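Before any comments, here is the structure.
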Amino acid sequence: MITVTSSNYSGDFLSFLYQVFTVGNEVINKGSARVLTGIAKKRSIPKISQTANPLGDYTSGVPGADTVTTTYAERELDPQKMTLYEEFLPEDLQDVWEKWQPVGDFTNLSQNPEFLADVIELYNNNAGTQLSKLFFQGDTTLGAGNAMNKFNGIITRVIADPGVIDVTPAGVITKANVIDRIEEVWAACPDKFLEDSDWTIKMNTTDFKLLQQANNDAKKTTTGVLTQNIERLFLEKRIENFSGMPKDHILGAKALANSDLSNLFFGFYVELTDENPRMNYKDNAGRLWFIRLDLKADANYREATEIVFYEPV
């Protein structure tokens, strides 16, 4: 098989690839996770914590024991492999194939970089949507070929983690109870985050629409908007909606796009070589072509005790 050199894109092709897979990814677009790129194998997410009361009794000599205990712990981003692969016939692209077809001799075939960019960009919205769902709902126990089986998402990890702050289950979310569910999550928020605008509540878009409907109904029948807490959350935009979140689930966490202080992390890896991305004949004697791009991704959080989670049962 002929090796097609694909790294001659006029610009930073690696940055372009990352951009393609973040377009349409609402987790990244809304700044709801710290994005780390270039993770070929694993990346530590460190956490240093201390006991709450570091001050002890005064002594004129050497204290008999430490007054504070500092603990180091870590989680990992371990990006898992996945592949974008599609086959096509040049005949389907006759109007533009002359411009886009590879050039060069048989052993040094070079793919037109504009074609690579244009074709890969076609995947941006669907790839971004799938990665957004994977970030929240990924589950490696799902069957082969399942769109959500590539890595464990935040919700999957949270459900299995006894350290997370769980809100008492009270069934599915409806217009009649959505305000109560939000208030319960807000009430369980660790005190240190009450004034922290980076600690946000994340919910499914359908549930968010129910909250908007409840808000409108409240405007019609009462003075003011909902309760003071919920009104404040609305005004400060501390409630975010995601189509990739599973319905009837609510997640509260500190999330920052460009700071390691974020509690939510999204890891990516794309290796740019002559072999990746790749476009070539599927068979040497055939006319069918393929495009292939290999990448890795993973999601994780730093500290369980700073996450508030509601699930219906």
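Quick notes
- Computed E for ASP180/LEU55 - FRET, C-beta separation, R0 51 angstrom, nearest 0.05: 0.80
- Annotation for VAL23 and ASP118: the two label points, set 7 Å from Cα along the Cα-Cβ direction, are 1.4 nm apart.
- A Förster radius of 35 Å combined with the Cβ-Cβ distance from ASN216 to LEU256 puts the calculated FRET efficiency at roughly 0.65.
- LYS247 versus GLU303: modelled label distance in nm, points set 7 Å from Cα along the beta carbon direction: 3.5 nm
- Förster-model FRET efficiency, 35 Å R0, PHE88 and LYS41, C-beta, rounded to 0.05: 0.60
- Every helix of 4 or more DSSP H residues in the chain counts as -39500 (n - 2.57), and over all residues that averages to -8000 deg cm²/dmol at 222 nm.
- Between segment 153-210 and segment 254-313, the Cα center-to-center distance that results, in Å: 26 Å
- Highest-MSF residue in the chain out of LYS192, LYS30, LYS175 [GNM, Cα springs under 10 Å]: LYS192
- Calculated semi-axes √(5λ) of the Cα gyration tensor in Å (choose from (1) 48, 19, 17; (2) 44, 19, 18; (3) 45, 27, 16), label: (3)
- Gain upon complete extension [TRP100, THR141; 0.36 nm per residue less C-alpha separation]: 10.7 nm
- The ellipsoid that matches the Cα gyration tensor of segment 272-313 has semi-axes, each √(5λ) in whole angstrom, of 45, 15, 5, with the longest given first.
- GNM flexibility winner over the chain from ASN284, ASN125, ASN25 (Cα, springs under 10 Å): ASN284
- Gaussian network model of the chain, Cα within-10 Å springs - most flexible of GLU87, GLU271, GLU26: GLU87
- Listed cross-link partners LYS219/LYS254; LYS150/LYS219; LYS42/LYS133; LYS175/LYS296; LYS47/LYS175 are compared with a 32 Å cut-off, the Cα-Cα value being larger for LYS150/LYS219; LYS175/LYS296; LYS47/LYS175.
- Straight Cα distances below 12 angstrom link LYS202 to the aspartates and glutamates GLU26, GLU240, ASP248, with same-chain residues fewer than 8 positions distant left out.
Only the coordinates and a few stated rules stand behind these numbers; no lab work does. Small disclaimer: the values here were computed from a predicted structure and weren't measured. When we count neighbours, we look across all protein chains shown, and the Cβ atoms used for this are built from the backbone with ideal geometry, even at glycine.
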